[in-house]
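Encoded as structure tokens, the structure appears first; notes follow it.
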Amino acid sequence: MMSLMSSLSNRASGDEGGQDLRRNYKAKWWMPLLLLVCMTNIFTLPRTQGLFSQLINPASTHEQTLHHHDRIDSAKSAVSNDPFEVCDPKNFLVLIKAGSKSKYQDRRKIWRGSNCRTSYQNHGIRYRFMLAMPAHEIINPNGHNQGARASEKEIHDMKELRNEYLVNGDMEFLPLKDVYDDSNLKVISMLRWAVDRGMNDRTSTVVLHDDEYCLRPRALRDICANATGSNRSLYAGWNLWKSAGYDSQKAFDGSFAPYFGGWVYAMSSDLVRDIAYDPETLFTSTVLGYAEDLQAGKWVKNQAEHKDHPRKVMYVQEESLGMDLEADETQNTKGEKEIGSSDGKEAVDRVSCGNHDAKSCEECPQVIEKVGAMAIVSGEGRANRKRNARDEVSLGW
């Protein structure tokens, strides 16, 4: 009997202990959840604070995006204080303007087989062919056909482009139609790609040239080092229009922004960053024609005259900055024959008509007179001037 009473007593005390444990558990079930919430806040607090500050002052983030003038310059100087190290050709990014239709494939094939590609590889220069998407059909701005589709020619060209990319891997495709009158939008997209994907902390200069031309790396290195040492942004090219030679080069109000012909021109990386995402860049067509090289001059001028952070821009005209692939057979082993050099071989003459180049241009009233390694360019309403080997231009900015 005594053992039975002891057993019942122990069982009762055990039940009470179990009940106490269950009561304690129910009372403190929230503690693990509280710990989880605290740990989550530790990791997300910085982002939460950032979001909260954006809600209070959304303009702060916008200003950080657009007004980064000082941060770019300090980041650039942090890489190196030696202008020639900053301007080593391996720190150049070259964007090659190329057509997307199948007929332009041969141009890229010629370029890839030229000394130009070898020169870029030897100097460690990064380059990309930049293409929009093929356009064969007339685009109706008022169209609203949800069943519209690419034409057979466009599909054919897209397949060719995809295959070419898979073989070569040196092409970038922009999400817009390859329409000549939208060349300004194509170049803006190229610059935005450069900022978002192409450039790194060491990129000093971005070069744009047509697929029939090539950059001379050492010429740009010297120009870049000069601008960097002077603490100026760089805008350099082959042929500088200091004044308008014909009306289509002028803005709608009759003003004019100096610009380099679109065959070969270069901008320092800080200038590219400012231009690419400045809203005024997209709205340039409200005051000027569509030609991309014409608009590029206006983009640069906008940054030089920016009300919040005006840039000191060095304009440098350098004839030896580029070379024409048509003269590839006469290039030296380094692939850097100067344009217009008087070496006994005939140089290739080109004239700029604002939105294209050719051996002659009826709508462009200018005459080129060959004088050895020089060229004297004259035209109606335009003062005669000499295109010297290098012309560092002061435009008062």
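The values are calculated or read from the model by the stated rules, or taken from the named source; none is laboratory data. From a predicted model like this one, the values you see are computed outputs, not experimental measurements. Glycine also receives a Cβ, built like all others from the backbone with ideal geometry; neighbour counts cover every protein chain displayed. Ligands, DNA and RNA are stripped out before the accessible areas are found, and what is left, the full protein with its side chains, is counted by its heavy atoms. Shrake-Rupley method; radii C 1.70, N 1.55, O 1.52, S 1.80 Å.
Explain nothing, just the number: relative contact order of the range 187-302, from Cα pairs under 8 Å at least 6 residues apart, as a whole percent.
Dividing the mean separation by the residue count of the range 187-302 yields 34 percent.
Quote the relative contact order of the range 89-142 in percent (integer), defining contacts as alpha-carbon pairs under 8 Å separated by 6+ residues.
So the answer I get is 56 percent.
If packing is taken as the average count of other Cβ atoms within 10 Å, what order do 195-207, 104-116 fall into, highest mean first?
Ranked by mean Cβ neighbours within 10 Å, highest first: 195-207, 104-116.
Share of the range 187-297's accessible area from carbon and sulfur, percent, 1.4 Å?
45 percent
Can you work out the accessible area per residue across the range 75-206, with the rest of the protein chains kept in place, probe 1.4 Å, in square angstrom?
Here the per-residue accessible area is 55 Å².
From the square roots a ≥ b ≥ c of the eigenvalues of the alpha-carbon gyration tensor of the range 233-311, which class results: rounded (a/c under 1.5), prolate (a/b over b/c), or oblate?
Oblate.
Loop-only check: which GluC sites (Glu not before Pro) in the range 281-319 are DSSP coil with at most 12 other Cβ within 10 angstrom?
Glu305
From the phi angles alone, apply the Karplus equation (6.51, -1.76, 1.60; θ = phi - 60°) to the range 292-304 and give each ³J(HN,Hα) in whole Hz, x where the residue is Gly or Pro.
5, 6, 4, 5, 4, x, 5, 4, 5, 4, 4, 6, 5
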